[in-house]
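Everything below concerns the one structure shown next.
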């Protein structure tokens, strides 16, 4: 069974731009969560989607948003990029809302 | 809100020696506990999890962890480390098995000496 895939793997943007990251969960998994990983703050929960509905959201500004499609694929969008948004963005999927999470390889975003 | 503390930022162990990585959590009820490993440039791989039941859980790659409610701890152990175990290790707590978002510790960087 294929794992969680994330595209693109690397991305370079400039301040003020917006970016969209994509995540394809493991087949059959309906829950997708997003995390931001930085050297200073570590791993922080962004939001979680289940059946196209956002169920939970972490403590991030409204510039960070996401959505989930009917095939469980998910996207996250960051608008008006700031230097501090440079991070590894990890997507994780699970079968239900109370299952262990399987992580993708991440998208490395660099904001210049 | 729950929190996770991994008191050791770096740990150096000789190849073949035993390993224990510490993890303490703060949560009002029994949490769901996880250990993940991350190699450079990679995502997170689940080593093991504790949901309920036997407090000693076995994971992949020869790792085990013991849940101690009285100490709010979930330490990771391995009897004999291999050079390939060098990586970053994260302890995490979830209150819904993960649905409400995992709270991670800051991680422990494991260095293996030949």
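We did not get these values from a lab; they are worked out from the coordinates using the rules stated. For clarity, every value in this text was computed on a predicted model and none was experimentally measured. Here the Cβ positions follow ideal geometry from the backbone for every residue, glycine too, while neighbour counts run over all protein chains shown.
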- Item | Pairwise FRET efficiency - residue B:17 versus residue A:56, Cβ, R0 = 45 Å, nearest 0.05 | 0.65
- Note on the structure: Simple spin-label estimate for residue B:88/residue A:70, 7 Å along Cα→Cβ, in nm, reads 3.9
- Message: Can you say what percent of the DSSP beta bridges in region B:48-114, counting only those with both residues inside, are antiparallel? Round to 5.
- Response: 100
- Message: Which of the three applies to chain A, rounded, prolate or oblate, going by the alpha-carbon gyration tensor with a ≥ b ≥ c and a/c under 1.5 meaning rounded?
- Response: prolate
- For the modelled label position 7 Å from the Cα of residue B:109 along Cα-to-Cβ, which residues of region A:15-54 have backbone nitrogen atoms closer than 16 Å? A:38-43
- List the relative contact order of chain A as a percent without decimals, with contacts defined as Cα pairs under 8 Å and 6+ residues apart. 36
- Could you work out the relative contact order of chain B, using alpha carbon pairs under 8 angstrom and six or more residues apart, expressed as a whole percent? 37
- Exposure proxy ranking, count of Cβ atoms within 10 Å, fewest first, for B:36, B:25: B:25, B:36
- Message: Take residue A:79 and residue B:9, extend 7 Å from each Cα along the Cα→Cβ direction, and tell me the distance between the two endpoints in nm.
- Response: 3.7
- Message: If I model a spin label at residue A:41 and residue A:17 as a point 7 Å from the Cα along the Cα→Cβ vector, what separation in nanometres do I get?
- Response: 2.1
- FRET efficiency estimate (nearest 0.05) - Cβ-Cβ, residue A:9 to residue A:63, R0 25 angstrom: 0.65
- Query: Which residue fluctuates the most in chain A, going by a Gaussian network model with Cα springs under 10 Å, if the choices are A:63, A:30, A:73?
  - Reply: A:63
- Taking Cα atoms only, Rg over Rh for the protein assembly as shown with Rh from the Kirkwood formula is 0.97
